[in-house]
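Taking it in order: structure first as structure tokens, then the write-up.
The values are calculated or read from the model by the stated rules, or taken from the named source; none is laboratory data. Quick caveat: nothing in here was measured; it's all calculated off a predicted structure. All Cβ positions, glycine included, derive from the backbone under ideal geometry; neighbour counts span all protein chains shown.
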Amino acid sequence: MEEKRRMINMITSKYNIFQVVKENIDLMEAIEYYGFQPIRKGRYYWLLCPFHSEKHPSFCINGNTFKCFGCGVHGDVINFVSLLFNLKPIDAVYRLVTDFGIDLPYAKKIDKIYCKAKQNYEDIKLYQAFITQRDRIYDYLCNIRDIYSRLKELITNPEDIQLDEFVETCHKQDLIEYWLDIILTGSIQEQYEVIKSVIKEVTNDGK
Ligand SMILES: [Zn+2]
């Protein structure tokens with residue numbers, strides 16, 4: 001859930017910057033700014049495609065979208081800059097913001113949103129690393145639980161019940177069930193506490 005929410009936040013933050021840029025910078029304006037001169041033919045503007053070599057213009061500008069009938073590229077102002085300078089869409093956005101000097105308060109806001117989007121991305125990476133680690137611990141606990149179960153099956157003689165090992169096994173098995181339950185249903189914080197306990201237990205066992 002947490003992960004999904006973060007994902008949505010990140011996408012929303014990005015969406016906002018994309019939206020701001022698209023609303024503030026006209027595709028035609030950008031195309032001209034970067035040195036191209038489209039020619040009007042009928043309803044649309046046409047251009048020798050910057051993305052493939054051709055003799056007759058097949059790059060068509062229709063309002064705020066473009067499509068090349070030669071090589072197939074298409075999109076909006078962000079896609080255009082992204083293709084032109086070989087940039088990731090988010091960096092194309094940043095380039096447009098810089099080149100078109102969207103007024104300062106806006107740019108500052110964009111700066112903030114951009115940083116936040118990056119930050120969230122880092123958070124997601126950290127969170128995923130945590131999940132990977134947690135799943136490893138979970139598998140480890142399942143294995144230990146199976147070993148203990150088999151150990152219990154082996155002890156069939158009632159007299160063996162006095163064995164310290166048997167008592168220890170029963171105790172640990174309960175603890176492991178409890179930990180597995182928390183990993184499956186607990187909050188991130190609770191899961192984290194369990195992971196710490198497991199690691200502590202394992203390290204102590206090694207002594
Ligand atoms: Zn083309």
Inter-residue pairs, beta-carbon under 6 Å, first under 24 Å from ASN86 (Cβ atoms) and of a type in the set (S, T, N, Q) and in region 50-64, second near the ligand (Cβ under 10 Å from one of its atoms) and outside any loop (DSSP other than H, G, I, E, B), 6+ apart: SER58/CYS68
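For region 142-166, which positions are at pLDDT below 70 and closer than 19 Å to GLU201 by Cα? If you could, list the steps in order and put the result at the bottom.
Going residue by residue through region 142-166, those that are at pLDDT below 70 are 155-166.
Listed by number, the residues that qualify are ASP164, GLU165, PHE166.
What is the residue count in region 51-66 for residues that are within 21 Å of LYS22 (Cα to Cα) and not aromatic (Phe, Trp, Tyr)? So that I can check it myself, show each step before the final result.
Taking region 51-66 first, the residues within 21 Å of LYS22 (Cα to Cα) are 59-66.
Adding the requirement that they be not aromatic (Phe, Trp, Tyr) leaves 60-65.
Summing the residues that are within 21 Å of LYS22 (Cα to Cα) and not aromatic (Phe, Trp, Tyr) in region 51-66 gives 6.
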Cross-chain or 6+ apart pairs with Cβ under 9 Å, region 26-41 first and closer than 14 Å to SER58 by Cα, then part of a helix (DSSP H, G or I) and of a type in the set (Val, Ile, Thr): GLN37/ILE31; PRO38/ILE31
